[in-house]
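The values are calculated or read from the model by the stated rules, or taken from the named source; none is laboratory data. None of the values given here were measured: they were computed from a predicted structure. Note that each Cβ is placed from the backbone with ideal geometry, even for glycine, and that neighbours are counted across all protein chains shown.
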Amino acid sequence: MAELNVITSMLDDLSKEQPVHTAICIGQNLEQYNLNQSIQWSYFSVSDFLNLPFTQRYDLAFVLFNTDEASNLDVQQKSQLIVKLRDLMAKRLVVVSKLQDESLLRALGLTQLIDQNTHDQDFALWQFNILTYKHVPDWFNSKFWANPENWDKFRW
């Protein structure tokens, strides 16, 4: 697996930002690589995961779309998988995909971590973190909501 070094360094970076105790992996079992001993990994195939009921929320989810199993998925199954992980099952989501999945992953709100022009291989690395998904604009605070200095001056 060519991306193993990238995944290992990403796990280290993510653990520094926020501790990762539980992780779920879809597409390939990463537990066999002994990436991080302190993480409790759960592995599911794509079909098993789509039928899995919500039982717990994981700290991190890894999806590998560039494996043999995931290459047979259509766009609808990929989007169902991502949306279920993003909205229900995981706090943070990391997706390793082929370059052809770029429009789907951008549409689902993921941000690209590795620029596709920096390497010659057909893979891209994407993430979704709800804490960094949307930056709060300046006008969205209590300073601009009610203007008590204008209450007696203007009639609304």
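Of everything listed in (1) modelled with pLDDT of 80 or more; (2) over 18 Å from PHE128 (Cα atoms); (3) aliphatic (A, V, I, L, M); (4) surrounded by 15 or more Cβ atoms within 10 Å (Cβ to Cβ), the single unmet condition for ALA61 is (2).
Please go through the stretch 84-100 and give me each residue that is hydrophobic (A, V, I, L, M, F, W, C), more than 20 Å from GLN56 (Cβ to Cβ) and either surrounded by fewer than 20 Cβ atoms within 10 Å (Cβ to Cβ) or within 8 Å of the chain's Cα centre (by Cα) (or both), ordered by number.
The initial filter retains those residues of the stretch 84-100 that are hydrophobic (A, V, I, L, M, F, W, C), namely 85, 88-90, 93-96, 99.
Those still in the list that are more than 20 Å from GLN56 (Cβ to Cβ) too: 95-96, 99.
Residues satisfying the conditions are VAL95, LEU99.
Filtering SER79, SER103 for residues that are polar (S, T, N, Q), under 14 Å from the mean Cα position of the chain (by Cα), over 19 Å from ASP12 (Cα atoms) and not in a loop (DSSP other than H, G, I, E, B) leaves a single hit, SER79.
Taken over the stretch 70-81, the criterion of being surrounded by 12 or more Cβ atoms within 10 Å (Cβ to Cβ) and farther than 11 Å from VAL46 by Cβ is satisfied by SER79 alone.
Out of ALA146, ALA107, ALA90, report the one residue that is out of contact with any strand residue (DSSP E or B) (no Cβ under 7 Å at 6 or more places or on another chain) and at pLDDT 85 or above.
Details: ALA146 fails: at pLDDT 85 or above; ALA90 fails: out of contact with any strand residue (DSSP E or B) (no Cβ under 7 Å at 6 or more places or on another chain).
Exactly one of ALA146, ALA107, ALA90 is out of contact with any strand residue (DSSP E or B) (no Cβ under 7 Å at 6 or more places or on another chain) and at pLDDT 85 or above, namely ALA107.
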